[in-house]
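A.B. asks: Just passing along the structure, written as structure tokens.
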Amino acid sequence: MEVGFNRLMVAGFHKEKTSAARSFRQDVINGLKSVPKRLQSKYFYDDAGDRLFQDIMAMPEYYLTDAELEIFRDKTALLSQGICFEDTAFDLIELGAGDGVKSRHLLQHLSDTGADFRYMPVDISGNILDILRENIEEAVPGLEMMCLQGEYFEMLEQACAASGRQKVVMILGGNIGNMEKKDSYEFCLKIRQILSPGDRVIIGFDLKKDPFIILGAYNDPSGITAAFNLNLLTRINRELDAGIDVAGFQHYQTYDPLSGACRSFLVSTRAQDIEIDGETISFEKGESIYMEISQKFSRSDIAILALKSGFVPVSEVMDSEQYFVDVIWQVA
Ligand code: AVJ
């Protein structure tokens with residue numbers, strides 16, 4: 001079952017390229033026709049979106065990346081202890097791997113301590129996977145890896161089919177926060193069902209904290225987060241031949257400490273109609289498009305999530321500010 005390792009990228013596999021374009025069109029039109037209007041944040045990551053997200057991670061206000069990098073850089077041994085199965089070979093599958101800057105430290109440590117493992121990064125962006133492959137090949141020469149481009153579950157199933165070993169599924173960066181709470185429960189449940197008893201997960205959660213710190217991370221005065229959101233309208237214009245006046249929308253961010261939901265919106269600054277592929281969508285002045293959730297969790301929210309989705313907590317590692325936690329759970 002070694003097929004595909006260290007070969008070219010397994011790109012969304014043999015699906016025709018147009019099928020991704022068709023789902024994009026359908027999702028955009030359905031989202032903008034629903035009440036309230038919404039778009040899916042997984043579509044943020046075209047080439048310009050990848051670059052803007054890199055800019056976000058470099059902003060002083062965006063503490064998430066620094067906090068989790070500290071965990072991966074300074075507490076690598078703790079993470080590694082949590083996932084090593086006494087000398088058993090395993091596969092490390094990372095969902096939403098991005099540029100691999102954080103994971104690199106763990107991969108290096110595992111490799112240095114002689115763990116028998118392979119790395120299977122999954123990302124929606126083929127562009128970022130090229131960057132990741134370069135970063136990882138340089139940092140951990142000789143590591144067996146298989147890059148999978150596509151959606152989490154489709155690629156997780158492919159990864160599991162190609163694995164036949166014990167598995168560790170890693171979801172970092174607070175990517176799980178991009179789901180509504182009920183969806184993150186279903187997500188964990190589904191992962192647990194795909195995995196086998198004894199397999200593990202490492203999940204990064206952004207913790208509830210001072211609401212001003214959270215809001216500030218998504219409401220930067222430099223306007224990078226606004227540009228990141230607005231870029232999806234530009235993408236729709238380009239890929240769906242739409243004529244949206246991007247300047248007619250404004251970014252608006254909220255954080256609700258009660259629910260832990262941090263949400264972004266694009267608000268229409270005037271009444272306007274937009275044309276997308278033969279469909280007309282009307283906006284009232286002040287009407288919004290709901291763009292993204294970045295859910296924040298308390299430690300007890302996380303414990304309940306593990307319990308409800310059939311995992312047993314193994315360990316947890318936090319940064320020094322206690323802004324962020326990476327938990328390790330095992331399939332019960
Ligand atoms: C990539 C989902 C972790 O929600 O914090 C950053 C995306 N959006 N700023 C997050 C994002 C706006 C980010 N995640």
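A.B. asks: Which length gain, in nm to one decimal place, applies between Lys182 and Leu215 when the Cα-Cα distance is subtracted from 0.36 nm times their residue separation?
C.D. replies: 9.7 nm
A.B. asks: HN-Hα J couplings of segment 88-93 from phi, Karplus 6.51/-1.76/1.60, θ = phi - 60°, integer Hz, Gly and Pro as x?
C.D. replies: My calculation for segment 88-93 gives 7, 5, 9, 10, 9, 9 Hz in order.
A.B. asks: Further question: Percent relative contact order of segment 160-309, based on C-alpha pairs within less than 8 angstrom and at least six residues apart?
C.D. replies: In percent, rounded to a whole number, it is 26.
A.B. asks: Same structure, new question: Quick check: with the 1.4 Å probe, what order do Ser184, Ser196 take by accessible area, largest first?
C.D. replies: Ser196, Ser184
A.B. asks: Here's another thing I want to ask about it. Please report the relative contact order for the chain, taking Cα pairs under 8 Å with a sequence separation of at least 6, and give it as a percent rounded to a whole number.
C.D. replies: Result for the chain is 22 percent.
A.B. asks: Same structure, new question: Once you have the Cα-Cα distance between Ser23 and Ala161, take 0.36 nm times their residue separation minus that, and quote the gain in nm to one decimal.
C.D. replies: Net length gain for the segment: 47.2 nm.
A.B. asks: Let's test the formula: R0 of 41 Å, r as the Cβ-Cβ distance of Arg73 and Asp245. What FRET efficiency results, to the nearest 0.05?
C.D. replies: The formula returns an efficiency of 0.40 here.
A.B. asks: Let me ask something else. Which values of log₁₀ I(q)/I(0), to two decimal places, follow from the Debye formula for segment 114-233 at q = 0.10, 0.11 Å⁻¹ with a uniform point scatterer at every Cα?
C.D. replies: These q points yield log10 I(q)/I(0) values of -0.42, -0.51.
A.B. asks: Something else about it: Given 0.36 nm per residue, what is the gain on full extension from Val267 to Ala332 after removing their alpha carbon distance, in nm?
C.D. replies: Using 0.36 nm per residue and subtracting the Cα-Cα distance, I get 18.9 nm.
A.B. asks: Follow-up. On average, how much accessible surface per residue is there in the chain, in Å², for a 1.4 Å probe, leaving out ligands, DNA and RNA?
C.D. replies: Heavy-atom SASA per residue in the chain reads 45 Å².
A.B. asks: So, one more: Per DSSP H run of at least 4 residues, take -39500 (n - 2.57); add these up for the chain, divide by its residues and hand me the 222 nm value, nearest 500 deg cm²/dmol.
C.D. replies: Dividing the helical sum by the residues of the chain leaves -12500 deg cm²/dmol.
A.B. asks: Using only protein heavy atoms and a 1.4 Å probe, report how much of Lys285 is accessible, in Å² to the nearest 10.
C.D. replies: 150 Å²
A.B. asks: Quickly rank 245-257, 143-155 as a protection proxy: mean count of other C-beta atoms within 10 Å, highest first.
C.D. replies: Peptide ranking by packing, descending: 143-155, 245-257.
A.B. asks: Hey, which lysines would be in cross-link range of Lys182, C-alpha to C-alpha under 19 Å, not counting anything within fewer than 8 residues on its own chain?
C.D. replies: Lys182 reaches Lys42, Lys190, Lys208, Lys296, Lys308.
A.B. asks: Going from most exposed to least, what order do Phe24, Phe212, Phe53 have by accessible area with a 1.4 Å probe?
C.D. replies: Listed by decreasing accessible area, they come as Phe212, Phe53, Phe24.
A.B. asks: Follow-up question, since we're still on this one. Less than 11 Å from a label point 7 Å out along the Cα-to-Cβ axis of Ser222: which backbone N atoms in segment 42-80 qualify, by residue?
C.D. replies: It comes to 54-62, nothing else.
A.B. asks: So what are the three principal axis dimensions of segment 255-332 from its Cα atoms, in whole Å, longest to shortest?
C.D. replies: Principal-axis extents of segment 255-332 (Cα, largest first): 52, 29, 19 Å.
A.B. asks: How do Met291, Met318 rank by accessible surface area computed with a 1.4 Å probe, from largest to smallest?
C.D. replies: Listed by decreasing accessible area, they come as Met318, Met291.
A.B. asks: Can you give me the convex hull volume of the Cα atoms of the chain, divided per residue and expressed in Å³?
C.D. replies: For the chain, the hull spanned by Cα atoms encloses 129 Å³ per residue.
A.B. asks: Still on this structure: At a threshold of 8 angstrom on Cα-Cα distance, excluding pairs fewer than six apart, so keeping six or more, what relative contact order does segment 162-241 reach in percent?
C.D. replies: Worked out over segment 162-241, it gives 35 percent.
The values are calculated or read from the model by the stated rules, or taken from the named source; none is laboratory data. This is a predicted model, so every value here is computed, not measured. Every residue, glycine among them, receives a Cβ derived from its backbone with ideal geometry; neighbour counts consider all protein chains shown. Surface accessibility is based on the protein's heavy atoms, side chains included, excluding ligands, DNA and RNA. Shrake-Rupley method; radii C 1.70, N 1.55, O 1.52, S 1.80 Å.
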